[in-house]
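Only one structure is covered here, and it is reproduced in the block below.
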Amino acid sequence: MPRRGLLIILSSPSGAGKSTLARGLMEWDPTIRFSVSATTRAPRPGEMDGREYYFRTREAFEAMIAAGEMLEHAEVFGNFYGSPKAPVAAALAEGRDTLFDIDWQGGQQVRNSSLGQDVVSVFVLPPSIAALDARLRNRGQDSDAVIAARMRKSRDEISHWAEYDYVLVNDDLEATAARLRGIIEAERARRVRQPGLTEFVRGLNREFEERKLD
């Protein structure tokens with residue numbers, strides 16, 4: 001049965017496991033595409049336009065914003081980043097799901113966009129603040145000052161948990177990944193995401209009429 005695609009938003013504070021869950025979801029179903037963002041920053045060595053990012057000039061990016069061609073955008077350290085609407089809309093119409101790894105602010109913009117009816121939003125919580133701190137430290141990538149800044153930001157991010165359709169506590173990665181897959185399967189099966197159902201049921205009724213049942 002043909003269906004309309006999903007626009008999957010996955011958010012969490014840094015260290016809660018969002019990126020690992022996103023990779024696992026795409027390994028489980030390779031047809032799920034990761035949303036490629038546009039940016040005004042210069043390409044780094046080895047990066048290709050349309051693969052890592054859509055690289056645009058500041059003027060072109062601002063023109064896309066003005067024309068309503070961005071689902072969400074933000075300026076970070078002097079460069080714009082955002083999600084172009086056209087490739088996502090095309091994927092949805094073709095029944096393909098698109099995954100967004102964005103924060104609550106980006107998620108809010110996407111939910112308020114013209115594609116908001118296609119959104120399935122999931123927020124991932126850590127099992128405890130102590131566990132979150134430990135995960136950040138175990139990465140061995142950041143200084144104490146950077147970890148402290150990430151923890152302060154985490155408190156603000158967690159305060160927006162109630163804005164999401166689903167909330168998962170990532171106390172066990174495999175179990176959380178299974179729950180996430182269950183959410184996607186259930187959302188795919190929703191009646192509103194299966195535009196062919198109306199015609200299918202009409203066909204069933206025609207069969208009833210052909211049988212001339214009382």
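Coordinate-derived values only; no laboratory data. Given the structure is predicted, the values throughout are model-derived calculations rather than measurements. Here Cβ is always computed from backbone atoms with ideal geometry, including for glycine, and neighbour counts include all displayed protein chains.
Within the stretch 134-149, the set of residues being touching a Lys or Arg at 6+ places or on another chain (Cβ under 9 Å) and either within 16 Å of residue 161 (Cβ to Cβ) or surrounded by 14 or more Cβ atoms within 10 Å (Cβ to Cβ) (or both) comprises 136, 142, 147.
Of the residues making up the stretch 84-122, just one is of a type in the set (Ser, Thr, Tyr), over 11 Å from the mean Cα position of the chain (by Cα) and either surrounded by 13 or more Cβ atoms within 10 Å (Cβ to Cβ) or in a strand (DSSP E or B) (or both), namely 113. Scanning the stretch 21-38 for residues that are touching a residue at least 12 places away in the same chain (Cβ under 8 Å), outside any loop (DSSP other than H, G, I, E, B) and either within 14 Å of the chain's Cα centre (by Cα) or crowded, with 20+ Cβ neighbours inside 10 Å (or both) gives 21, 22, 24, 25, 26, 33, 34, 38.
Contact map, the stretch 1-20: residues that are under 26 Å from residue 94 (Cα atoms) and touching a residue at least 24 places away in the same chain (Cβ under 8 Å) paired with residues that are aliphatic (A, V, I, L, M) and part of a loop (DSSP other than H, G, I, E, B), Cβ distance under 9 Å, separation 6+ or inter-chain. Pairs shown: 3/189; 6/32; 7/115; 8/32; 9/102; 10/102; 11/102.
For the stretch 52-63, indicate whether the set of residues that are part of a loop (DSSP other than H, G, I, E, B) and either of a type in the set (A, V, I, L, M, F, W, C) or closer than 29 Å to residue 1 by Cβ (or both) is non-empty. No; the residues of the stretch 52-63 include none that is part of a loop (DSSP other than H, G, I, E, B) and either of a type in the set (A, V, I, L, M, F, W, C) or closer than 29 Å to residue 1 by Cβ (or both).
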